[in-house]
Amino acid sequence: MQANEAIHRCGLCRIEMRGVSVRMEQDTLIQDVNLHAHCGQLTVLIGPNGGGKTTLLRAVLGQVPYEGKILHLDEQDKPFAQVRVGYVPQQLPFDKQMPLTVRDLLAAALTRRPVWTGVGRKARQAAENALILAQAQGLINKRLGALSGGELQRVLLALALSPAPDLLILDEPVSGVDHNGQALFLDTVNALRRQQHMAILMVSHDWTLVREYADQVALIDKTTRVVGTAEEVFDSPAFAASFPHTHGPGRSA
Amino acid sequence: MMDGLYALMDQLLPTSIFGMQFMKNALLALLLLTPLLALLGTMAVNRRMAFFSDALGHSALAGAGAGLLLGISNQTAVLIVFGVLWALLISRINRTGGASADTNISVFSSTGIALGLVLLSQGGSFARASSLLVGDVLAIGPNDLLWLAIALVGGVIAWALMYNPLLLSAVNPHLADSRGIKTRLVEDLFVCLVAVAVMLAIRWVGVLLINALLILPAAAARNLARSAPQHALFSVIISLLSGVIGLIAAYTLGSSVGAAVVLCAALFYALSLLVRRMLRIVN
C-alpha cells in the first residue's frame, strides 16, 4: 500500500488528537475526539452537518479553546515547537469589489514590503513560486474578486502551501466548485501529499471523492465514531446511524 | 528654514495666489495632511469603516470638551488621547456584540457630539464648538507645520509596518488568523493610527468635513484601481489635487478652504464613477 509506505518514509510529523472536547457556553460541540493524522496521508473527516467537523478543525487551528490534547509530534515523538499549519477555508467570504490582485494578496502574505508601495521583483517571484505549487501560475495578474470558485480555491491553496506546512487543513475546499475545478484541485493536493509528505486533514461530503482520494476516513458525529479506510467506514453501523438516508455509498460505485 | 522654503515656493509657484505667507502655510498644510489621510482611507473604505471614522471625527468635540473641563491647554494632545480611547472603545463594543455595528457607531457618534456641545457651551457660548466644527487651515503657523511634517513621516512609517497583515485581515480575518496574524491587534493599531491622523487634522479641517478627506479620495480611487498599489497611488494623487485646487478655488471665491477641498474631492468621486462606467473597469 502506498499509504503505509508514506508513513514509513516520512515520520516527520503526525498530528495526534487525544480526548479533544470543545464546549461553547452550555453546548458540547465535540466530545472526546481521538484521531491521528499522519504525514503523507490524506485524512478525510466526514459527518452530518452540525456534527462538529469544522469545530474540530478550528480547535486544531487554535481558533477555539478546547479540552484534551492536540499534539504535533515528530519521529521521536517529540512535540514540534513550531508546527506550520496551512488552511484553505470553505468558500472564503470577502469583498469582491476590492482593488486587489492575486499578486497583491500573495505578496502581502509572503513578503514584508508594504504592498501599497508596489510589488517588487522579489515579491512577484515569491508569489509566482507559490502559485506554481497549486498549478495556478496563470492567475497572478487577475483581480481576486474576478476569480471563479475553483480558481480562488487554488489561490488559497497556494497561500496555504507557502511557507510549506507540516499540516494542511482543507475545510470542504471544493464545495460549490465545478467538476473540472474539483478534479484539478484534488489532483494537486494528492500530488503534494506524495511529494511533500505533509499531513492533510480535509472535510468532505462527496463520497465519490472520499473513496478516490482518502487514505483514512474519520466519521465525526459529536465524537469519533469510526476511523478506517473509506470502505470500512461506509460499511460500518455507525455510518448508517449518522446518515440514515444514505444507502451504502461504499457499494454504490 | 521656513524663509528659505517660502522663497523657493515664490520661485516655483506660477501664480500670485500664494504670495501671502498664510496661503503658503495653508498649501503646505494641505500637502502634508491629505496624503496620510488618503492612504489610511484606502483601508477604511475596504473595511467599510466610513461611518466609524465619521463617529471618530465627531468625538473631537467631546475630546475638546474634556480638555476644557480638565484645564489642559495642549488641545491637540487631548484630542489625540481622547480620540484613540474613543476609537478603541467603539471597536471593543462592536466586537462584543449587542446591537449591529451601524447602531453602535451611531450611538457613539451622537454621544460624542452631545457630550462635546454640553462641555464646550458652558457659559452660554458656542464659539469654541463652532471653531472646531468648521476648522481653519488659513490659521496654521510654521510650528504647526513642523508637527504635521513629523506626523506625516511617523504616520507613513506606521502605515508601512502594519499594512500587509491588515490587508490580509481585511480580505478575511479567519484567513489572517490561520497565518498567525494577530488580527485584533493590527485592527486596533489601525483605528489608533486613524484616530491620531484625524485628530491632528481636525483643527484645520473641522469636525464636519474631516471624514470626507479620509473617505472621498480613497472611494474615488477605488472606482479606478484594480490593484492595491494603484488604489493607494490614485488616492494620494486625488487628495493632493483636491487640496491644491480647493485652496485656489477657496481663495478665488473667498470661501471656506476645507469645504472647497472636499467639494473638489466629491467632484473627483463623480468623475471616477463616470470613468468607471465608460471604461467598464470591473476586472
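Taking the criterion of being touching a helix residue (DSSP H, G or I) at 6+ places or on another chain (Cβ under 6 Å) and β-branched (V, I, T), the residues of the stretch A:175-222 that qualify are A:V177, A:I200, A:V203, A:V210, A:V217, A:I220. Scanning the stretch B:229-244 for residues that are under 19 Å from B:L279 (Cβ atoms) and of a type outside the set (F, W, Y), we see that the one that is surrounded by the most Cβ atoms within 10 Å (Cβ to Cβ) is B:S235. Summed over the stretch A:87-104, the residues that are under 20 Å from the mean Cα position of the chain (by Cα) and either surrounded by fewer than 23 Cβ atoms within 10 Å (Cβ to Cβ) or facing chain B (nearest Cβ under 8 Å) (or both) give a count of 7. The residues of the stretch B:231-283 that are more than 14 Å from chain A (Cβ to nearest Cβ), at negative phi and not in a helix (DSSP H, G or I), listed by number, are B:S255, B:S256.
The condition of being in contact (Cβ under 8 Å) with a residue 24 or more places away in the chain and either buried (at least 18 other Cβ atoms within 10 Å of the Cβ) or of a type outside the set (D, E, K, R) (or both) holds for only one of B:L185, B:L161, B:L146, B:L209, that being B:L209. In the stretch A:116-163, of all residues being facing chain B (nearest Cβ under 10 Å) and charged (D, E, K, R), the one that is surrounded by the fewest Cβ atoms within 10 Å (Cβ to Cβ) corresponds to A:K142.
In this structure, is B:G83 over 27 Å from B:Q21 (Cβ atoms), assigned to a helix (DSSP H, G or I) and within 16 Å of the chain's Cα centre (by Cα)? So B:G83 fits the description; yes.
Check the stretch B:140-158 and report whether any residue there is at pLDDT 90 or above and more than 30 Å from B:D3 (Cβ to Cβ). Among the residues of the stretch B:140-158, at least one is at pLDDT 90 or above and more than 30 Å from B:D3 (Cβ to Cβ), which makes the answer yes.
When you go through B:I90, B:I181 one by one, which is the residue that is modelled with pLDDT of 90 or more and outside any helix (DSSP H, G or I)?
Just a single option satisfies the conditions, and that option is B:I181.
Looking at B:A64, B:A77, can you tell me which residue is assigned to a helix (DSSP H, G or I), within 15 Å of B:L200 (Cα to Cα), small (G, A, S) and touching a Leu at 6+ places or on another chain (Cβ under 6 Å)? Sole residue among the options that is assigned to a helix (DSSP H, G or I), within 15 Å of B:L200 (Cα to Cα), small (G, A, S) and touching a Leu at 6+ places or on another chain (Cβ under 6 Å): B:A64.
Taking the numbered list (1) buried (at least 18 other Cβ atoms within 10 Å of the Cβ); (2) modelled with pLDDT under 90; (3) over 16 Å from the mean Cα position of the chain (by Cα) in turn, A:V22 passes all entries but (2). In the stretch B:93-117, the residues that are in contact (Cβ under 8 Å) with a residue 40 or more places away in the chain and at negative phi form Cβ pairs under 7 Å with partners that are among the acidic types (D, E) and surrounded by 15 or more Cβ atoms within 10 Å (Cβ to Cβ), at six or more places apart or across chains, as follows: B:S109/B:D54.
The values are calculated or read from the model by the stated rules, or taken from the named source; none is laboratory data. Keep in mind that this is a model prediction, so the values were computed, not measured. Neighbour counts run over all protein chains shown; Cβ positions are idealised from the backbone, glycine included.
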